[in-house]
Number of protein chains: 2
Amino acid sequence: MAEIKSPLTPLIDQLCKLPGVGAKSAQRLAFHLISVTTQEVEVLANVLTKTRTHIKYCKSCFNISFETTCFICSSNSRDKTQLCIVAEPKDIYALERANEYNGLYHVLGGYISPLDGVYPESLRIEELILKLKKSHFNEVIIAINSSIEGDATTLYLKSCLKNYKNPISQLAYGLPVGAELDYTDESTLQKAFSGRQKVK
Amino acid sequence: MAEIKSPLTPLIDQLCKLPGVGAKSAQRLAFHLISVTTQEVEVLANVLTKTRTHIKYCKSCFNISFETTCFICSSNSRDKTQLCIVAEPKDIYALERANEYNGLYHVLGGYISPLDGVYPESLRIEELILKLKKSHFNEVIIAINSSIEGDATTLYLKSCLKNYKNPISQLAYGLPVGAELDYTDESTLQKAFSGRQKVK
C-alpha cells in the first residue's frame with residue numbers, strides 16, 4: 001500500500017506488529033479505537049503496561065504470575081504428589097480449562113528446535129531434574145504437543161528421566177471427541193490404533 | 001470456556017472487546033504482548049492513548065486529524081474546485097491510496113440506516129449544503145459504498161443536490177480489475193451492463 005499521511009499511521013504501525021494483524025485489520029482496529037471513549041482506550045493502555053511490567057515467572061513452576069509463586073503452586077487444594085510437564089505457560093491454562101488434573105506443573109519454556117536455536121540446555125530441564133530429586137511425586141505426566149519439535153522434546157525428556165523411580169506417563173493420543181474416522185488424518189489413526197484400549 | 005484465574009485475564013478481557021478478536025486470538029495476543037519488551041508495550045500503550053486523546057475532526061471536511069484543519073484541507077496542492085463526498089473518514093484513505101483524485105472531501109459521518117437509528121439529520125448533510133453555497137466547486141463526486149444503506153444515502157443525497165447548478169457525478173460501478181465474468185455476482189454484472197461504455 002502507498003504511504004498516506006494519516007493521523008492514525010503511528011497507531012496502525014504499532015498494531016501491525018501484533019501477530020495475525022495485517023495492514024487492513026490494523027486500520028480497522030485503529031478506527032475502532034478512536035470511535036470508543038478516551039476512558040476505554042486508557043483502560044486498555046493501562047492494563048497493557050501494567051500486565052507487561054508486573055508479569056514474572058513463578059519461581060517454582062515457571063508459570064506466568066504477578067507474584068513470586070503462582071496461584072497453582074501456592075494453592076493448598078492442589079495434589080502436590082503429581083507433576084505435569086508442559087512446554088509453555090499457555091498449556092497450563094488449556095489443561096486447567098479441562099478441569100481433569102489437580103496436581104502441580106513444570107513449564108519447560110519451549111520446544112527443542114535446533115533450527116530456531118533452541119537446544120535442550122535452553123529449556124528448564126535442569127530445574128526439572130532438581131525438582132524431581134528434591135520433592136516426591138507419585139506420578140510425572142508429560143503433556144507436550146505432538147509436533148516435530150514437541151515429539152523431539154518428549155523423546156529427550158524421556159531419556160533424561162529414564163532412571164526416575166516413579167511412574168512417568170504421557171497424554172493419550174487418539175481420536176479427538178466428535179471426530180469422524182473418514183476425516184481423521186493417517187497419523188492420528190495410527191496413534192489411535194497403536195494405543196487401542198482393551199474393553200473386555 | 002470455564003473461568004480460569006490467569007494473570008492475563010484482565011488483559012484478555014480488554015483485548016476481547018476489539019472487533020474481530022475472540023477469546024482465542026485475545027489469548028494469543030496477550031501471550032505475545034508479555035513476550036516482547038516492556039518498552040515495546042509502552043510504545044503501543046502510549047500511541048493508543050495519545051491517538052485517542054488528540055484525535056478530532058477537521059472543521060472543514062470532518063476527516064480525522066490532530067489539527068483543527070486536516071492535511072488535505074490545509075494543503076496548497078489540492079484542487080479546491082472538486083469535492084468528493086464520502087461516508088466515513090476511512091474512505092478518504094482508500095481513495096487517497098488510489099492516487100487518482102486531488103480535490104477536497106466531505107465526510108458525511110455514516111450511512112442513512114433507520115434500523116440503526118441513523119437518520120438523514122444525523123449525517124453532515126446540512127454542513128455539505130452550506131459548503132456548496134459558500135464555495136464554488138466545478139464538480140461534486142459522490143463516492144459512497146454500494147450497499148443497502150449506501151444506496152439509500154446516495155439516493156437521499158441526490159435528492160438534496162438536485163438543484164445544484166454544477167455537475168454531480170458518482171463513482172463508476174462495474175467489473176473490478178482482474179475479475180472473471182464467471183465468478184462475478186449478478187448485481188455487479190447488471191451494473192457493468194447498464195453502465196457500459198462506447199468504444200467506437
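The values are calculated or read from the model by the stated rules, or taken from the named source; none is laboratory data. Model, not experiment: these values are computed from the prediction. Cβ coordinates were reconstructed from backbone atoms using ideal geometry, including for glycine residues, and neighbour counts include every protein chain displayed. Ligands, DNA and RNA are stripped out before the accessible areas are found, and what is left, the full protein with its side chains, is counted by its heavy atoms. Shrake-Rupley method; radii C 1.70, N 1.55, O 1.52, S 1.80 Å.
Quick look at the numbers
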item	result
Total charge dipole magnitude, the range A:9-54, about the Cα centre, Cβ charges on Lys, Arg, Asp, Glu only, Debye to nearest 20	160
B:Ile144 long-range amide H proximity, modeled H, under 5 Å	B:Leu171
GNM result for chain B, Cα springs below 10 Å: residue of B:Arg124, B:Arg97, B:Arg28 fluctuating most strongly	B:Arg28
Within chain B, percent of DSSP bridges classed antiparallel, to nearest 5	20
Inter-copy label distances at A:Glu186 (7 Å, Cα→Cβ; nm, one decimal)	4.5
7 Å along Cα→Cβ, label-point gaps from B:Asn163 to other copies, nm, shortest first	9.8
B:His106 long-range amide H proximity, modeled H, under 5 Å	B:Cys84, B:Ile85, B:Val86
Size of charge dipole - the range A:3-90 - debye, nearest 20, with Cβ of Lys, Arg +1 and Asp, Glu -1, no other charges	180
Candidates B:His32, B:His54, B:His106, ranked by Gaussian network fluctuation over chain B, Cα under 10 Å, top entry	B:His32
Estimated FRET transfer efficiency when R0 is 30 angstrom, pair A:Val118-B:Phe66 (beta carbons, to 0.05)	0.10
Shortest-first nm distances, A:Ala94 label point to equivalent points in other copies (7 Å, Cα→Cβ)	3.8
Between A and B, accessible area buried - total, square angstrom, nearest 100, 1.4 angstrom probe	4600
Residue with peak Gaussian network fluctuation, chain A [Cα springs, cutoff 10 Å], from A:Leu95, A:Leu123, A:Leu33	A:Leu33
Rounded tilt (10° steps) of A:89-98 against the dominant C-alpha axis of chain A	70
Chain B: angle of helix B:23-35 to the longest principal axis, Cα-based, in degrees nearest 10	70
Folded to 0 to 90 degrees: helix B:125-134 orientation relative to chain B principal axis, Cα	50
Backbone HN-Hα couplings from phi across the range B:100-106 [Karplus 6.51/-1.76/1.60, Hz, Gly and Pro as x]	10, 10, 10, x, 9, 10, 9
DSSP bridge orientation in the protein assembly as shown - percent antiparallel, rounded to nearest 5	20
Lys/Arg +1, Asp/Glu -1 at C-beta; chain A dipole; positive extreme among A:Thr81, A:Gly110, A:Ala45	A:Thr81
Separation of alpha-carbon centers, the range A:63-93 and the range A:104-171, rounded to whole Å	15
Closest-to-axis residue of chain A (Cβ criterion, axis taking A to B), whole Å	A:Ala45, 2
Shielding by partners - mean other protein chain Cβ count within 10 Å, residues of B:83-95	2
Average Cα contact separation per residue, the range A:75-198, under 8 Å, 6 or more apart, as relative contact order %	23
Cα-based Lys pair tally, the range A:69-194, threshold under 24 Å, eight or more apart or on separate chains	20
